[in-house]
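Engineer: After the structure tokens below, expect a handful of questions from me.
Nothing in this text is a laboratory measurement; each read-out follows from the coordinates by a stated rule. Every value quoted in this text rests on a predicted model; they were computed, and no experiment measured them. Quick reminder, even Gly has a Cβ in these numbers, built from the backbone with ideal geometry, and neighbours come from all protein chains shown.
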Amino acid sequence: MTDTPADSPAAPAAPWPQPPPSPYPALAASITGTVVLPGEPGYDTVRRVWNGMVDVQPAAVVRAAGADDVAPVLAFARRTGLPLAVRGGGHNVAGNGTVDGGIVLDLGALRTVEVDPIARTVTAGGGATLGDIDLATAPFGLAVPLGVVSGTGVGGLALGGGVGWLTRAHGLSVDNILSADVVLADGTQVHASAEEQPELFWGLRGGGGNFGVVTALTFRAWPLPAAVYSGNLVYGPARFENALHAFSAWSADVPDELTTIISFLVPPPEWDQGNEPIMAVGFAWAGEDHQAAAAVVNRLRDLAAPDAELVQPAAWLDWQSAVDDLFPHGSRAYWKNTSFNSLDAGFIDVLARRAREQTWRGTGFDLHHMGGAFGRVSEDTTSFPVRDARYWLNIYGFWSDPADDVHHTGFVRELAAEADPYAGGGQYVNFMGADDPALAAPSVYSGGKLARLSALKSAVDPQNLFRRNHNIAPSAPEPPSVQRQ
Ligand code: FAD
């Protein structure tokens, strides 16, 4: 043993604690896709989502190359405890396709679409856009019920609901899902359908991404004519009340082939419709018989003659992308929605007055005519709420200047509050804004659905790994069985 003299030089100080090695090289090595970190080329592009108000800095954006990349990313999120966002098309209005300081699992490369024209089925990757699907099905004269803007991701849209121009003829997107390939929170891959994992299959169809990462969805597709009878009857501000009362009477009795969406907005300059608010009654007829369609539309013309109109058969791909330019990537957005059982006179007054007051571009609101095939699906078949809704109001923003945030969000909130006394209940998760969070869930899912969804969540995601969504918290002590394969 050697004594150290008191005045001898001190032993070298212990080195400063070193930061732990970055976990990201190991993550990158475990997948075929790529990991994009802050400061790296492309990061500023891949961190962004459609809603420009959601300007956050994820710790990493993982761009999956295939379904096998999903489980390692979920394992990484579980291990590190970092929040996880799953991104399909990145169009979520609340910005749930990204997360500040967390991991974004970007499925945007999973865009393959396979069509079986004989069986009339379509299988799409979990990151496909609506445009990808329409492009693949159109050559076969087929269409899947989807939404109305082609850049929207089918992942988010179809797991939440999927309302569009075929809703009354063939139901929501969720009503046409035949099966889903899902990676659960623990990394297990399962196939969900009416026969396999039926409870998971139920929850996926309306539960909005709460239960797993969907790497592929198989849909039923429907025949459509090469040219779809479609168009808009347009009314000016002085006619709003009259046209809405006419629409209320007319829409009580129209065939299921006809789906109508009324839009109130100041049209963009390129529509050449002036600078005043308009009420555009848009419609599409999902059938061959254009004469029958014209006769039905004429009944509305007879009740309320439009101030202008553009009605002509359109190629499905053109119709499905007709309003794309209105909603560019990076738009600032705040939306609210609810359902209605009828168009009461008081509700019509609110809509007409608010539409007249909306003299700017950057907000609008749509009234979707529901019923038809949508209403014939029983309440218990899917987790989507309020099957007896006759109309659905969606109030939406799509402005560009941050200085207008207060004005536009204020308009959306005020109209939603004024419409609320007439509402039939329920909300559609995909039309909800960032401040309509988990706490709103009881008002989203009608009946006993929330308890059933929570029980399912407990079974498949007890740690709530998938919480960057309109969250359904795990709760049930006796979860329904979900078999791991
Ligand atoms: P993302 O931001 O990528 O994801 C949305 C949510 O779904 C997230 O919580 C995410 O975790 C989850 N998710 C996405 N993909 C998957 C997956 N593969 N597996 C598991 N979870 C996933 N809705 C309609 O019904 N009809 C319309 O006509 C319509 N039009 C729209 C037009 C515009 C311009 C916009 C912005 C939205 C529109 N929506 C419409 C709403 C749309 O359905 C939602 O915004 C939807 O969330 C978008 O899905 P996404 O995959 O693009 O979004």
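Engineer: Separation between the residue 324 and residue 311 pseudo-spin-labels, each 7 Å from Cα along Cα→Cβ, expressed in nm?
Structural biologist: Output for this residue pair reads 2.8 nm.
Engineer: Still on this structure, I have one more. Fully extended, how many nm does the chain gain between residue 253 and residue 303 (0.36 nm per residue separation, minus their Cα-Cα distance)?
Structural biologist: 16.7 nm
Engineer: Helix 345-357 versus the longest principal axis of the chain: what is the Cα-based angle in degrees, 0 to 90, to the nearest 10?
Structural biologist: The two axes meet at around 70 degrees.
Engineer: Still on this structure, please answer the following. Pairing the Cα long axis of helix 290-303 with the longest principal axis of the chain, what angle in degrees results, from 0 to 90 and rounded to the nearest 10?
Structural biologist: The angle comes out at about 70 degrees.
Engineer: Also, quick follow-up: Project the alpha carbons of segment 276-319 onto their principal axes and report the range along each, largest first, in whole Å.
Structural biologist: 32, 23, 12
Engineer: With viscosity set to 1.567 mPa s and temperature to 4 °C, compute the Stokes-Einstein D of segment 252-306, Rh being the Kirkwood radius across alpha carbon pairs; µm²/s, no decimals.
Structural biologist: The Stokes-Einstein estimate is 102 µm²/s.
Engineer: First select every other residue whose beta carbon is under 12 angstrom from the beta carbon of residue 69; then total the charges, Lys and Arg +1, Asp and Glu -1.
Structural biologist: Summing Lys/Arg as +1 and Asp/Glu as -1 gives -1.
Engineer: Semi-axes of the equivalent ellipsoid of the chain: what are they in whole Å, largest first, if each equals the square root of 5 times a C-alpha gyration tensor eigenvalue?
Structural biologist: Working from the Cα gyration tensor, I get semi-axes of 44, 25, 21 Å.
Engineer: Let me ask something additional. Quick one: net charge of residue 78's neighbours, Cβ under 13 Å, K/R +1, D/E -1?
Structural biologist: Working: positive: 79, 467; negative: 186, 461.
Overall, the nearby charge balance is 0.
Engineer: Compute the acute angle (0 to 90°) between the alpha-carbon long axis of helix 449-460 and the principal axis of greatest extent of the alpha-carbon atoms of the chain; round to the nearest 10°.
Structural biologist: It works out to around 30 degrees.
Engineer: Would you mind getting me the FRET efficiency between residue 18 and residue 78? Use the beta-carbon distance for r and R0 = 41 Å, nearest 0.05.
Structural biologist: With R0 = 41 Å, the Cβ-Cβ based efficiency is 0.95.
Engineer: Segment 113-223: percent of C-alpha pairs farther apart than 16 Å?
Structural biologist: Here the tail beyond 16 Å accounts for 53 percent of pairs.
Engineer: Something else about it: Do you know the relative contact order of segment 227-438, to the nearest whole percent, from alpha carbon pairs under 8 angstrom that are 6+ apart?
Structural biologist: Over segment 227-438, the number comes to 27 percent.
Engineer: Expected output is a single nm value to one decimal: the length gained when fully extending between residue 475 and residue 32, i.e. 0.36 nm times separation in residues minus the C-alpha distance. What is it?
Structural biologist: Full extension of this stretch gives 155.9 nm more.
Engineer: Just want the ordering: 32, 218, from fewest to most Cβ atoms lying within 10 Å of their own Cβ.
Structural biologist: Details: 32 13, 218 19.
Fewest-to-most Cβ neighbours within 10 Å comes out as 32, 218.
Engineer: Separation between the residue 238 and residue 57 pseudo-spin-labels, each 7 Å from Cα along Cα→Cβ, expressed in nm?
Structural biologist: So the two model labels end up 5.6 nm from each other.
Engineer: As I understand it, the dipole of segment 113-223 uses +1 on the Cβ of Lys and Arg and -1 on the Cβ of Asp and Glu, about the Cα centre. Which of 167, 152, 219 lies farthest toward its positive end?
Structural biologist: Toward the positive end, the furthest listed residue is 167.
Engineer: For the pair residue 114/residue 196, report the inter-label distance in nm, with labels modelled 7 Å from Cα in the Cβ direction.
Structural biologist: Calculated label separation equals 1.3 nm.
Engineer: May I pose another question? Under the definition of Cα pairs under 8 Å and six or more residues apart, what whole-number percent is the relative contact order of segment 30-106?
Structural biologist: Computed over segment 30-106, the figure is 36 percent.
Engineer: What percent do you get for the relative contact order of the chain when only Cα pairs under 8 Å and 6+ apart count?
Structural biologist: After rounding, I find 16 percent.
Engineer: Further, regarding this structure: Between beta-carbons, use under 11 Å as the cut-off and find the net charge around residue 153, counting Lys and Arg +1, Asp and Glu -1.
Structural biologist: Numbers: positive: 87, 111; negative: 106, 132.
Computed value for this residue: 0.
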